[in-house]
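The values are calculated or read from the model by the stated rules, or taken from the named source; none is laboratory data. Quick caveat, the model's predicted, so the values are computed rather than measured. Cβ coordinates were reconstructed from backbone atoms using ideal geometry, including for glycine residues, and neighbour counts include every protein chain displayed. We work out accessible area using only protein heavy atoms, side chains counted, and drop any ligands, DNA or RNA first. Shrake-Rupley method; radii C 1.70, N 1.55, O 1.52, S 1.80 Å.
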Amino acid sequence: MAMAPIQFDRASGALEGANLWERTAALALSTGAKISSHFSHRGYNHCANLLRKALPERNIAIRLNVDAIFEFPYGDGYWSKLLDRSYRYEGELELLFLDSVDVGYTLIDGGANYGYWSVLVSSAPFGRHRAIAIEPSSQNFPKLANNARVNGDRFEVMKCAIGSVRGTARLSGTKHEAFSIVGGAGGGEDVPVIALDNLIDDGKVAASGKYLIKLDVEGVEIEAIKGGTRLLQADSVILCEEHGSDRTHAVSRFILDQTPLKLIVYDPRSGRLENVTELSILDRIKVSTNVGYNVFGTASAFWLDRIEALNATAAHRLQ
């Protein structure tokens, strides 16, 4: 029988249900996250995963807010950064989600991994929005489904990948946060693939509506955008990851050159979501090759007005 998960509250810092060794590991994990944050957490995942091998196999349940619990294997190198209470995961997305509490949107969480954003967006402080979490990996999906369960099954889960058309593909990789259907060389598993527009065809979402569409699909972002033409004609924003190592900015270049969408990126210098007309701004913002940077694409007047209003509040805060 599996051990009950360790409990950690990010608001208070309380750690419960851990033995002495697990408490020591928590201190090491949180301290390592804080120190490595000064150099984009380079090396943190590797060190944390080494430490994990010395820990008993059990989950940690992190209380993200009063209405959100996120579980993952204790010591996981990717998610253990959350033990550092000052760490903000994808802060530019949190900025938009928190500003959209009053908007009746649906989150389409493509490449959901363990469901972090679906857990948060469906929680009360984020507006209790509908979320559809899409994850193809047989390794990740049970952890995603578990996070739906521990949060009252308040968001929907789908086991498939996202591409340009419906079909099947080979999913492979060595890191749970980086499984991809691109360039698999041996191993892996066959997974079903859907296009974003198939969500309309299958009655999952309406052709009209408000959507925030997160695409963390490890190299298939462009294909996913191609498969979402109808959905992107609604009041939609796509939230795409640009890899820091890609100095060609391929996803952003495609959005600018091949779609009617306006391209937007969070600029830490100004604290604003800036319109991108020249890709050179990304040369300055993408400073670390080992992390991802989110860019937004939308043709929706509604969302563009919301972003403009959000920027106005940011400008006021900076005064």
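Tally Lys/Arg at +1 and Asp/Glu at -1 over every other residue whose Cβ is under 13 Å from the Cβ of LEU171; what's the total? Neighbour charge sum, excluding LEU171 itself: -1. At a 1.4 Å probe, what is the % contribution of carbon and sulfur to the accessible area of region 120-188? Exposed carbon and sulfur together represent 52 percent of the surface.
Annotation: extensible slack from ASP283 through VAL150 equals 43.8 nm (criterion: 0.36 nm per residue apart, minus Cα-Cα distance). Near the amide H of GLY292, within less than 5 Å, lie the amide hydrogens of GLY244, all on another chain or at least 5 residues away, with H placed in the peptide plane. Taken over the chain, the ratio of Cα radius of gyration to 2.2 N^0.38 Å equals 0.98.
Enumerate the residues in region 10-37 having an amide nitrogen under 18 Å from the point lying 7 Å beyond the Cα of LEU50 toward its Cβ. Counting only backbone N, you get 25-37. Note on the chain: GNM, Cα springs under 10 Å; of ARG284, ARG170, ARG230, the largest mean-square fluctuation is that of ARG284.
Protein heavy-atom surface of region 207-280, 1.4 angstrom probe: 46% of the accessible area is carbon and sulfur, with nucleic acids and ligands not counted.
Take every DSSP beta bridge whose two residues both sit in the chain; close to 50 percent of them are antiparallel.
Computed over protein heavy atoms with a 1.4 Å probe, the accessible surface of the chain works out to 44 Å² per residue. When only alpha carbons are used to place a centre, region 1-70 and region 232-253 end up 31 Å from one another.
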